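*Asks:* Please find one structure pasted underneath; my questions will follow.
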Amino acid sequence: MEALIHNFFNVEIMYKAKYLLWLGFKVTLQLSFVSLIFAILVGLLLAFVRSFRNRFINVLIIIYVDLFRALPTIILFMLVYFAWPYFGISLPRYWSAVVALTINGAAYFEEIFRAGIEAIDEGQREAARALGLSFPQTMFSVVLPQAIVVVLPPATSNSLELIKTTVLASVIALPELMKQAQQAHGFFANPTPLIAAALIFLAFLWPLVRLVGVLERKYKQA
Amino acid sequence: MNFQDLFYYFFNIRVFIDTLPDLLQGLVVTIEIAALSLILGFVLGLILAVIRVAVKRPRNLLIIRLLNIPIALYVDVLRSIPPLVILIVVYYALPYIGMLIPRFWSAVLTFVVILSAFSEEIFRAGIEAIDRGQIEAARSLGLSYIKTMSYVVIPQAFRIALPPMTSRMIAITKDVSLASVIGVADVLKKARAAQAFLANPTPLFSAALLFTILFLPLVRLSMYLEKKLAE
């Protein structure tokens, strides 16, 4: 028991490492936020383009989506950071991580938004317009309320996955939370910072996990 | 940048052929970890789901119903913490309290517990989707609770659980490549070593290619199952 407290919940080490962990946490937050926005935008754009049903472009989008859903994200991080420089594209660590997370996240978001778009029958829009609703009215009172039911639960769950994936940036030595924790672990020869990092992730993501559960139950069989 | 460079660095046939045997060896390790994690993870998840459903029955004593809490906690914790963090804690932190687990088994343990948490949710949703009337009917026909579960409820729940199971299966197998971080000699570790040794990133592309060949059919299958069950 004493060994457990000394090694896993060492207050002294915790105190010494808190600044490093705080720095790391800020990077993790920022990385999550920026990548999430890019991934959602790119996913939305792809879903939108796909809804025009141009056969050639759609084949390209399907290949993109399938490819990046099949490829482990850690390989994507390594390709962007270690392989692109040979090709003349040398991105700093932070932007390599953003690019990798965006490419990967957008593939999932495209599928989610597409399902949302396809859920609403074309006829509903036409009917709403024919009844004299303006375009914004049609969008906000007819289309979006229905699309959100389909999109919101998987989009939240996918955002959670994306935030969890930001840890992989530690593999390319970006000083985010996990990397800082590992460095503090090496420096103090005590694994308390690792446990602390795990607890920080838990505190930060648990509400999101619960939220996903609530949304999934609320919009079940929509 | 011209095409010659592109082929030299990214799709170098010589490097590809030279490093392929090594990568395939790594692939075997990846598949071993994935297979063990999937089998043990799903079995553990199913057991947890059945326990949780059984424990929550209203006629149980309060003390038994409270058993629900530790399982719910286990599931939530493992779903909140990123897999890489769990892996690093298992491999680097547990030895300090006397639990020295070899790399390979650290990876298997990590993915088994994570998958069990996710599949507990999947199976429980499947079990709870079965109409109560069926359970009551089976019980009144004289089947014991265990028999009702194993002959009536679980086979049907399994069908409902199939699409989320396949997509979770893909997610976990993709996560297996994280094992390279703690030094397991999987595809990615071999590819990184070869890339550093030859100063040529072709092995990384070969690894990506191997993964894609492995997963594309699975991604398609899961989409097909989802569509089929939605009908």
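Please treat every number below as a calculation from the coordinates, not as lab data. Remember, it's a predicted structure, so these values are computed and weren't measured experimentally. When we count neighbours, we look across all protein chains shown, and the Cβ atoms used for this are built from the backbone with ideal geometry, even at glycine.
*Asks:* Hey, how many Å between the Cα centroid of the stretch B:7-68 and the Cα centroid of the stretch A:116-181?
*Replies:* Computed from Cα coordinates, the inter-centre distance equals 28 Å.
*Asks:* Under 19 Å from the Cα of residue A:26, which lysines turn up, not counting those fewer than eight places away in the same chain?
*Replies:* Straight-distance partners of residue A:26: A:16, A:18, A:164, A:179.
*Asks:* Could you work out the relative contact order of chain A, using alpha carbon pairs under 8 angstrom and six or more residues apart, expressed as a whole percent?
*Replies:* Worked out over chain A, it gives 34 percent.
*Asks:* Once Rh for the stretch B:6-72 is found with the Kirkwood sum over Cα pairs, what is the Stokes-Einstein diffusion coefficient at 37 °C and 0.692 mPa s, in µm²/s?
*Replies:* Answer from the Stokes-Einstein relation: 205 µm²/s.
*Asks:* Given the protein assembly as shown, report the % of alpha carbon pairs whose separation exceeds 30 Å.
*Replies:* Result: 51 percent of Cα pairs exceed 30 Å.
*Asks:* Dividing the convex hull volume of the Cα atoms of the stretch B:14-229 by its residue count, what figure in Å³ per residue is obtained?
*Replies:* So the per-residue hull volume is 137 Å³.
*Asks:* D for chain A, whole µm²/s, Stokes-Einstein with Kirkwood Rh over alpha-carbon pairs at 10 °C and 1.306 mPa s: what number?
*Replies:* Rounded to a whole number, D works out at 80 µm²/s.
*Asks:* Eigenvalues of the Cα gyration tensor times 5, then square-rooted: what semi-axes does that give for the stretch A:19-72, in whole angstrom, largest first?
*Replies:* Result for the stretch A:19-72: semi-axes of 33, 13, 5 Å.
*Asks:* Pairs of Cα atoms under 8 Å, at least six residues apart: use those to get the relative contact order of chain B, whole percent.
*Replies:* 31
*Asks:* Right, here's the next one. For the stretch A:23-111, list log₁₀ I(q)/I(0) at each q in 0.10, 0.14, 0.18 Å⁻¹, using the Debye formula over Cα point scatterers of equal strength and ignoring solvent, two decimals each.
*Replies:* Evaluating at q = 0.10, 0.14, 0.18 Å⁻¹ gives log10 I(q)/I(0) of -0.28, -0.54, -0.83.
*Asks:* Moving on. Please express the Cα-Cα pair-distance distribution P(r) of the stretch A:78-190 as a list of whole percents, one per 10 Å bin, running from 0 to the bin with the greatest distance.
*Replies:* Distribution as computed: 12, 27, 22, 18, 13, 6, 1, 0 percent.
*Asks:* Here is a further query. If the viscosity is 0.890 mPa s and the temperature 25 °C, what Stokes-Einstein diffusion coefficient in µm²/s follows for the stretch A:161-201 when Rh is the Kirkwood radius over Cα pairs?
*Replies:* 239
*Asks:* Counting other C-beta atoms within 10 Å, which of B:167, B:37, B:222 has the fewest, and how do the rest follow?
*Replies:* B:167, B:222, B:37
*Asks:* Averaged over its residues, how many other protein chain Cβ atoms are within 10 Å of peptide B:174-187's Cβ atoms?
*Replies:* For peptide B:174-187, the averaged partner shielding equals 3.
*Asks:* While we're here: With only alpha-carbon atoms counted, please give the Rg and Dmax of the stretch B:116-231, in Å.
*Replies:* Both quantities, over Cα of the stretch B:116-231: 21.0, 71 Å.
*Asks:* List A:6, A:185 from most exposed to least, where exposure is judged by having the fewest other Cβ atoms within 10 Å.
*Replies:* In increasing order of surrounding Cβ atoms, one gets A:6, A:185.
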